[in-house]
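Q: To start, I am sharing the structure in question, which I have written as structure tokens.
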Amino acid sequence: MSTTVLPSYEDATARYEPVIGLETHVELGTNTKMFCGCPTEFGAEPNTQVCPVCLGLPGALPVANRAGIEATIRIGLALNCDIASWCRMARKNYFYPDMPKNFQTSQYDEPLCTDGYVDVDIDGETVRIGIERVHLEEDTGKTLHVGGATGRIHGATESLVDYNRAGIPLVEIVTKPVPGIGAKAPEVARAYVTELRDIIRSLGVSDVRMEQGSLRCDVNTSLNKPGEEWGTRTETKNVNSLRSVERAVRSEIIRQAGLLDDGGRIIQETRHFQEDTGDTRPGRSKEEATDYRYFPEPDLVPIAPDPAWVAELKAALPERPSAKRARLREDWGISELDMQSVANAGAVELIEETIAAGANPAGARKWWMGELARRANETGVDLAEVGATPAQVAQLQALVDEGKLNDKLARAVLEGVVAGEGDPAEVMSARGLGVVSDTGALQTAVDEAIAANPDIADKIREGKVAAAGALVGAVMKATRGQADAKTVRELILARLS
Ligand SMILES: [Zn+2]
């Protein structure tokens, strides 16, 4: 183990320039697998969605799924790529138990889509991220290591393989190296994956859920001294949330800077992101392309999409998420910077759906960007997985608008919703959290507060209305925060005028 004292992130990025690159795998939401007719539904009993083709049995022949090719082309078009007029699948040869054919059907030197870009906004500045290639391949099965403490192969007594996922179409999106972003590298990486996810979701070709593995991200990071050549890069795998993308780049920058400070060398290797500690651990040393002995897949015909069809797909692309954000920004009446933080928090669709469910824009935004964002941050999950739905947030806001909940009580109700106690109305009655609207009960509390604070009451009688705040506070305390402050104030002033 190295005993290097790690520099701070600020020190590291003051002395070194990071270059990042991202490889993202997206599992397509086709009904059937890429080269056979097996269903692709998530969560089925292990090894129930398999056939001779995806099990790699001798003599079985693959046939390409048109929906998979179409989805890949649409992703390429949405990422401003050129679409190949003729290309082939390739065999990527390697042995691994979760890959029954001992090769992966993929693409090598003839990707379906090349040379595109994605723009992301960071602090009001546009950063253009080049897309090197978008290619189509198939997913592998899943291996489960049993008996060890960590679920890893080390220490396991046995390993189980589930081939349900083997052969599900996977699209790999590779960026060009992104230099010149300095200390913003982690933020740029996160913004890129967020934008990519939003674009792909808008196409309806994948549910792009990082926690279910339908969007998986590998992050390449290298450091160089200003003016010097780019350094050796490492590839960090297992990055399973937007937040982890940011953390992985950050921790890798700090680790590499510490190593370089000590005169050490960066080894080209695969590293694994550790969700608990937020740092990366070494994995295997990185294979070179030649290790895979790629060659064109002889069992599949080349892919030659008709240019007229590609043009049709291009014309039918949905509204670009960035254009949609500009439109929503107008509708919601918020600043560009506010919209950016909404987008970076992955809250655009959530707020949009909350408004569609009846909430006003300010109310919808308040909950998602306030209480729920804070909670997501604390528990380290993406906002969409925080435990509240847009419909529930809209219902919560409606209860506030109707005066049945005040802000403080609404937050307590939301806590119950997130904890899985049901919809806001259910939580409200189960926890007894409604605003006291019975004016008789409120009047009693008001009279008691006046009786207990004669000097303050006198001041109000003399016209010092500002003093009413102290009495409102006393009533709120007596009603355990369950009174509507505005009503209480009116009752106090009415009594003392
Ligand atoms: Zn199959």
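Q: What are the pairs with Cβ atoms under 6 angstrom where one residue, in segment 136-159, is at positive phi and the other, located anywhere, is of a type outside the set (D, E, K, R) and open to solvent by 100 Å² or more (accessible area, probe 1.4 Å)? Sequence gap at least six, or different chains.
A: Matching pairs, first to second residue: G147/T157.
Q: Same structure, new question: Report the residue count in segment 382-409 for those that are open to solvent by 60 Å² or more (accessible area, probe 1.4 Å), more than 15 Å from A357 (Cα to Cα) and outside any loop (DSSP other than H, G, I, E, B).
A: 3
Q: A further question follows. So, in segment 418-454, how many residues would count as being assigned to a helix (DSSP H, G or I), open to solvent by less than 70 Å² (accessible area, probe 1.4 Å), closer than 14 Å to L396 by Cα and not β-branched (V, I, T)?
A: Within segment 418-454, residues that are assigned to a helix (DSSP H, G or I), open to solvent by less than 70 Å² (accessible area, probe 1.4 Å), closer than 14 Å to L396 by Cα and not β-branched (V, I, T) number 3.
Q: Within segment 24-42, does at least one residue satisfy the condition of being within 23 Å of H145 (Cα to Cα), open to solvent by less than 20 Å² (accessible area, probe 1.4 Å) and within 11 Å of the ligand (Cβ to nearest atom)?
A: Checked against the condition, which is being within 23 Å of H145 (Cα to Cα), open to solvent by less than 20 Å² (accessible area, probe 1.4 Å) and within 11 Å of the ligand (Cβ to nearest atom), segment 24-42 yields no hits at all.
Q: V301 versus (1) among the β-branched types (V, I, T); (2) open to solvent by 60 Å² or more (accessible area, probe 1.4 Å); (3) not in a loop (DSSP other than H, G, I, E, B): which is the lone unmet condition?
A: Just one mismatch for V301, condition (3).
Q: Return the residues of segment 295-323 that are over 33 Å from the mean Cα position of the chain (by Cα) and in contact (Cβ under 8 Å) with a residue 60 or more places away in the chain; say none if nothing qualifies.
A: Across segment 295-323, the qualifying residues are F295, P296, E297, D299, L300, V301, P302, A304, P307.
Q: Filter segment 170-217 for residues that are part of a loop (DSSP other than H, G, I, E, B) and under 27 Å from F42 (Cβ atoms) and give the result.
A: First, pick out the residues of segment 170-217 that are part of a loop (DSSP other than H, G, I, E, B): 176-177, 179-181, 204-209, 213-214.
Selection gives G204, V205, S206, D207, V208, R209, G213, S214.
Q: Also, quick follow-up: Within segment 81-99, does at least one residue satisfy the condition of being under 30 Å from the mean Cα position of the chain (by Cα) and within 16 Å of the ligand (Cβ to nearest atom)?
A: Among the residues of segment 81-99, at least one is under 30 Å from the mean Cα position of the chain (by Cα) and within 16 Å of the ligand (Cβ to nearest atom), which makes the answer yes.
Q: Does segment 348-370 hold any residues that are out of contact with any Leu (no Cβ under 8 Å at 6 or more places or on another chain) and not aliphatic (A, V, I, L, M), and which are they?
A: Across segment 348-370, the qualifying residues are E349, E353, T354, G358, N360, P361, G363, R365, K366, G370.
The values are calculated or read from the model by the stated rules, or taken from the named source; none is laboratory data. Keep in mind the model is a prediction, meaning the values are calculated, not measured. A quick note on method: Cβ atoms are made from the backbone with ideal geometry, for glycine too, and the neighbour counts reach across all protein chains shown. Protein only, heavy atoms only, side chains kept; ligands, DNA and RNA dropped before computing areas. Shrake-Rupley method; radii C 1.70, N 1.55, O 1.52, S 1.80 Å.
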